[in-house]
1. Can you show me the helix-derived [θ] at 222 nm for the chain, built from DSSP H runs with n ≥ 4 at -39,500 (n - 2.57) apiece and divided by the number of residues, rounded to the nearest 500.
2. Based on the Cβ-Cβ distance from SER154 to MET1, what FRET efficiency comes out when R0 is 30 Å, to the nearest 0.05?
3. Taking the alpha-carbon set of segment 1-110, what are its Rg and Dmax in Å?
4. Tell me the accessible surface of ASP206 in square angstrom (1.4 angstrom probe, heavy atoms of protein chains only), to the nearest ten.
5. Just reorder ASP70, ASP76 by solvent-accessible area, largest first, 1.4 Å probe, all chains present.
6. Indicate the gyration tensor shape class of segment 145-208 (rounded, prolate or oblate), computed on the Cα atoms with a ≥ b ≥ c the square roots of the eigenvalues: a/c under 1.5 is rounded; otherwise a/b larger than b/c is prolate and the rest oblate.
7. Take the residue pairs LYS139/LYS186; LYS23/LYS47; LYS69/LYS198; LYS23/LYS101; LYS40/LYS172; LYS47/LYS144 and return only those whose Cα atoms are more than 30 Å apart.
8. Of all GluC sites (Glu not before Pro) in segment 92-133, which ones are in loop regions per DSSP and have a Cβ with at most 12 other Cβ atoms within 10 Å?
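The values are calculated or read from the model by the stated rules, or taken from the named source; none is laboratory data. Every value quoted in this text rests on a predicted model; they were computed, and no experiment measured them. Cβ placement follows ideal geometry from the backbone for every residue including glycine, while neighbour counts extend to all protein chains displayed. For the accessible areas, the whole protein counts, side chains as well, though only heavy atoms, and no ligand, DNA or RNA atoms are used. Shrake-Rupley method; radii C 1.70, N 1.55, O 1.52, S 1.80 Å.
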Amino acid sequence: MYIVLLGPPGAGKGTQASLISEKMGLVHVSSGDIFRENLKNLTPLGKQAQAFMDRGELVPDDLTIAMVKDRLNQPDCQKGALLDGFPRTPAQAEALAAMLKEWGLTVNLVPYISVPEAELIERLGGRWTSQKGRVYHVKYNPPKVPGRCDVDGSPLFQREDDKPETVKNRIKVYLQQTTPLIDYYKEQGLLVEIDGTKSIKEVGTDLLAVIKKLKK
Ligand code: AP5
């Protein structure tokens, strides 16, 4: 089963993807996490992506598509994956469809987590992340020990691209380049809108319900 989690920056894609992948045993593939890992390890891809990420812009399609293709070709993704942050442009969506078609597969479901802009800014401003990509929020999902990950105790950090100016640009870029995917997947009958303003637990329950319905 291939599920694409769609939604603006800060909608809760990463938070929900971690919860769902644990519950459903689906591999969580986050394009943002893969880029950040490359950045940390100073790989050629990380160096190419850095300037775009720092500005809150999208990394060019050719680099992004090649990177995700490579990830989806790995054995743990052969039975499906939960895609978080990819696709983000019509070209990426077409590339994903073509890639899956080669394997005789398709995207099965596109939950679209909707959250109004003012709330996104508050969420990203209060987000703290662990080295392994676990996500917390000072108010909505605080760690048990301030500044430390609940799971491995590692220090939490704030993402460079969560600075207010960069957040504004990320939202602008989302509205310009990613929102066309809402209609793209709606026309294919794959889109299910999820109210992302509910609590983390409630959003998770709603998402699991639509995924389980698909499995029946
Ligand atoms: P990426 O890492 O994908 O960032 P994003 O899409 O902007 O999404 P975020 O990770 O910021 O938010 P999220 O929806 O996962 O929310 P989260 O769960 O953390 O991309 C970063 C950059 O990489 C891009 O700008 C681009 O440069 C590049 N990139 C990545 N993919 C690319 C692609 N395909 N093409 C080109 N470039 C690409 O939650 C946010 C906060 O809210 C947390 O603190 C959380 O605790 C809290 N929260 C979550 N849910 C709730 C809730 N229901 N109620 C209250 N608080 C909540």
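1. So the calculated ellipticity at 222 nm is -14500 deg cm²/dmol.
2. Between SER154 and MET1 the formula returns 0.45.
3. 13.5, 38
4. Ignoring ligands and nucleic acids, ASP206 comes out at about 50 Å².
5. I get ASP70, ASP76, largest accessible area first.
6. Oblate.
7. Correct reply: LYS139/LYS186; LYS23/LYS47; LYS69/LYS198; LYS47/LYS144.
8. none
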